[in-house]
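Everything below concerns the one structure shown next.
Taken together, the values in this text are just the output of simple stated rules run on the coordinates, not laboratory data. On a predicted model such as this, the values are computed, not experimentally measured, just so you know. All Cβ positions, glycine included, derive from the backbone under ideal geometry; neighbour counts span all protein chains shown.
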Amino acid sequence: MERYYQPEIETASREKIKALQDERLVKQVKHIWDNVPYYRKKMEEKGVTPDDIKGTEDLHKLPFVTKADLREAYPYGLLAKPLKDCVRIHSTSGTTGKRVVAFYTQNDIDLWEDCCARALVAAGATDEDVCHVAYGYGLFTGGSGLHGGSHKVGCLTLPLSSGNTERQIMFIKDLQSTILCCTPSYAAYIGETMKEMGLTPDQIPLKAGIFGAEAWSEEMRQDIQNTLGIKAYDIYGLTELSGPGVSFECSAQSGMHINEDHFIAEIIDPETGEVLPEGEKGELVFTSITKEAFPLLRYRTRDICMLSSEPCSCGRTFIKMCKPMGRSDDMLIIRGVNVFPSQIETVLLNQGYSANYQIIVDRVKNTDTLDVQVEMTPEMFTDNVGEINRRQKELVEGLRSMLGISAKVTLVAPKSIVRSEGKAVRVIDKRKI
């Protein structure tokens, strides 16, 4: 028997959802026009005023917002509420040091937590469950989002954050955690560690898991399900839109339902910006229609995917998005962290290296690895092992400080990285996604 957190909206008719979206979009466009000069200027440049937007069918008239806009407007340029009305920020890692900072009113947090509560209930959570949150807390949205959603459902919430795997397993056993929330690679690592400890799935109290913040394959899902003896659900979100819970998987495990009372999704051609018909593959664009402090219209996620409004066996009427199939930019997601080659390049150039480098990403024992091979310049070339080690350490520290995660650095001889005629192959991603 399928359960819902807010059945009246999760199973509403398509007509009701459309009417709600129309009404909220019109109101949101006016709110942004009145309160965000940066956005009003973008609309004026496109020759659009709030009077031109009567409903979702006019959405295509509005300008796009990109990550570049968010960086340009940093920190307060896209704020639509006075700071005294804001109660929290969250942030993503920026491409060249400038982060994206998102602001929240108390109402924004309440609605975001509702979205996460819907995801938890879709994964079978009730007030009888123990929800083990091993996403990172702090600026990252993962921990806070699922934590708040878990409270709303009435679960006993364990705010473990990530790391210290032995302690995680002790709490899972001692407090009988039933729902695990973390990145898929961390879930796989917990499963692997439990196996090494001689625990079989029937000795592990977990029954479900909600895993997001990085790409994962169906093979990885099966592996996690078998090792932990659970059903593994996908969740999708972006800090720019609120965090996890923009969309979530149901019992059908065949795509994620988008919370359409809060977000309108479009699929566009990444080259032309033209809106594509349902079922076509393209770049996912979101408009947040209930966010007060940091509302975004037509935000380009750079995620490539498809939408489907086929009826779902779970009874939810929200449109579904498939798992993102790649990116229309060069961003990598490594251990849940956004990494751009340009960030790595910045560190190399600042330390006097040339821009001849290669990034090799792999997944070893279910954990992402990041290996950066860097060419020494002829001037700095040396075969002194001590000197090479010292320089590699310096680069490792520089990269950790820029990216927030550790990378392995290998210095190689000048001209040893293959040159290409066309676009340099900077990134080799060996993960099976």
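What the table below lists for this structure:
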item	result
Links that overshoot a 25 Å alpha carbon limit, given the list K54/K81; K195/K231; K281/K408; K46/K67; K16/K54; K365/K408	K281/K408
With at most 14 other Cβ atoms within 10 Å, longest stretch of the chain clear of loop trypsin sites (Lys or Arg not before Pro) (DSSP)	99-280
Calculated from backbone phi, Karplus (6.51, -1.76, 1.60) coupling profile of the stretch 49-57 in Hz, x at Gly/Pro	10, x, 5, 7, 9, 9, x, 4, 5
Chymotrypsin sites (Phe, Trp or Tyr not before Pro) within the stretch 39-139: DSSP coil, no more than 12 neighbouring Cβ in 10 Å	Y76
Under DSSP loop assignment and at most 16 Cβ neighbours within 10 Å, longest GluC sites (Glu not before Pro)-free interval of the chain	129-270
The chain: antiparallel DSSP beta bridges as a percent of all, rounded to 5	60 percent
For the stretch 15-49 and the stretch 228-304, distance of Cα centres in Å	19 Å
Shape call, the stretch 309-433: gyration tensor on alpha carbons, a/c limit 1.5	prolate
DSSP H segments from the chain that extend 27 Å or more along their own axis, Cα-based, with Kyte-Doolittle mean of 1.0 or above	none
Sites E280 and S401 - FRET efficiency at Förster radius 51 Å, r taken between beta-carbons, to 0.05	0.80
